[in-house]
1. Averaged over its residues, how many other protein chain Cβ atoms are within 10 Å of peptide A:33-39's Cβ atoms?
2. Put a dot 7 Å past each Cα toward the Cβ at B:Ile143 and A:Ile223; how far apart are the dots in nm?
3. Along the range A:68-81, what does the Karplus equation 6.51 cos²θ - 1.76 cosθ + 1.60 (θ = phi - 60°) give for ³J(HN,Hα), rounded to whole Hz, x for Gly and Pro?
4. Averaged over its residues, how many other protein chain Cβ atoms are within 10 Å of peptide B:109-115's Cβ atoms?
5. Could you give the length gained on full extension between A:Lys112 and A:Asp30, defined as 0.36 nm per residue of separation minus the Cα-Cα distance, in nm?
6. In what sequence, highest mean first, do B:32-41, A:105-114 appear when ranked by Cβ atoms within 10 angstrom?
7. Quick one: 3J(HN,Hα) in Hz for the range A:109-122, Karplus 6.51/-1.76/1.60 with θ = phi - 60°, rounded, Gly and Pro as x.
8. For A:Glu159 and A:Gln133, what is the calculated FRET efficiency with R₀ set at 41 Å and r taken between the beta-carbons, to the nearest 0.05?
Amino acid sequence: MKNNRDPLTKAVKAIQQTPVSTGPPQQTIDSTITKLTELSGSVPPATGHRHIQLFERLKAVKGFPRLAAAAVLLIAAGYITGRLSAPRPPDAQQLYSALEPAIREELLGEMKQYWQLSSAVAYSRLKEDLDQQYRQDLNRFATQTFAASTAVTNQLLEELIKSINSAQTQDRRWVTAALQQIESNRLQDKNQLSHGLATLAVYTDDQLLKTKNDIAQFVSNTITPNLSQTPNPSNRKE
Amino acid sequence: MQVIDWQRIVKKHGPLIWQTAYRLLGNHTDTADCFQETFVSALQFSQRQPVRNFPAFLARLATARAIDRLRQRLHQPLSNAEDADWVAIQSANPGPVQQAQQHELAAKLRKALAQLPPQEAQVFCLRFLNNMSYRQIAKQLGIKTNAAGVLLYRARAKLKQHFQPAIAGDEIQKEKVCL
């Protein structure tokens, strides 16, 4: 491709220099993304392909047989070392004595935890029951107390009404007695006044009569000397 | 299975794929179809095995799809200038004659690529249009580097043979001009 006069080179250059837009139209991008979304949702992933892929990858690794052999040797060496260096099987009694405290402690801990949990559950349940019972009792007591207080209040109100009525009656009696007393006093005063007036009239009549008599006496006394001097016809008439 | 954000992939590598396909196909309609086919193929491939290098992988797919489309176009009666996107010639840099010549050469190369075996055409396009190294091409096509070199050599040889009559025609034309 070094020869610029080569038509193949020119053609390649022509293709390379073909004016191309910087990117696809937005519509193409959108339709492609839509199609990809549909396909990625509809196409199920290939199953059983991972084994093939792993196998192919293993084949592609250079020197895989040597690596595999080295790995096998390492595993074998590790297994033999482990077998040789493994401790003898422990004595059952010793193992029992060694494990018993730990198992017992763990069992005790678990039992304790279980009982704590059970007691917590029972406590909460008991608390709920007591709370419910307490509420029921409290409601019943409140109802009864309310009813009782209503009856007492009614009774007290009746007593109050009665006492008010009796007080009013007593007041009326007192007022009536006072009025009667005033009336009797008035009648007594009237009688006394009438008696006084009658007495005064009698006295006055007596005094008038006495005065009349006195006047008559006087007149008689006065006329008697005159008659002796000159008799008067008018005095005769009297 | 590999989880891929296809929206991001399309937006990131879309321009490269579009340019690769457009250079080979030369019109918007085929390029748009090729663009979509490329990403659909990539999706189907990614569901079978993971993709490590998306740009190179997509470029390879786009090249393959574009060559397939060129081969389809070769068998259709209207395959030359009718499919060309004449709007693209409106650039002001070269003259119209030169543009026409370049366009003719490009069309001829496209036709020649369509006549090549697909793998050789792919190697040629990846090497000269996408500027990939032999190693990258070999990696993408799953072949050895030497095989890629061989395929490229064969492709060039066949393309040169294809362009040989044109060279001869040019020489005759020049002789005629001289006379």
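1. 5
2. 20.3
3. So the Karplus estimates, Gly and Pro as x, are 5, 5, 4, 5, 4, 4, 5, 5, 5, 4, x, 5, 5, 4 Hz.
4. Working: counts 8, 2, 0, 2, 2, 0, 0.
Counting other chains' Cβ atoms within 10 Å and averaging over B:109-115 gives 2.
5. 22.9 nm
6. Details: B:32-41: 21.9, A:105-114: 10.1.
In decreasing order of mean packing, B:32-41, A:105-114 become B:32-41, A:105-114.
7. My calculation for the range A:109-122 gives x, 5, 5, 4, 5, 5, 5, 4, 5, 5, 5, 5, 5, 5 Hz in order.
8. Using R0 = 41 Å, I get an efficiency of 0.60.
Where a number appears in this text, it was derived from the coordinates with a stated rule and is not lab data. Computed from a predicted structure; not experimentally measured. A quick note on method: Cβ atoms are made from the backbone with ideal geometry, for glycine too, and the neighbour counts reach across all protein chains shown.
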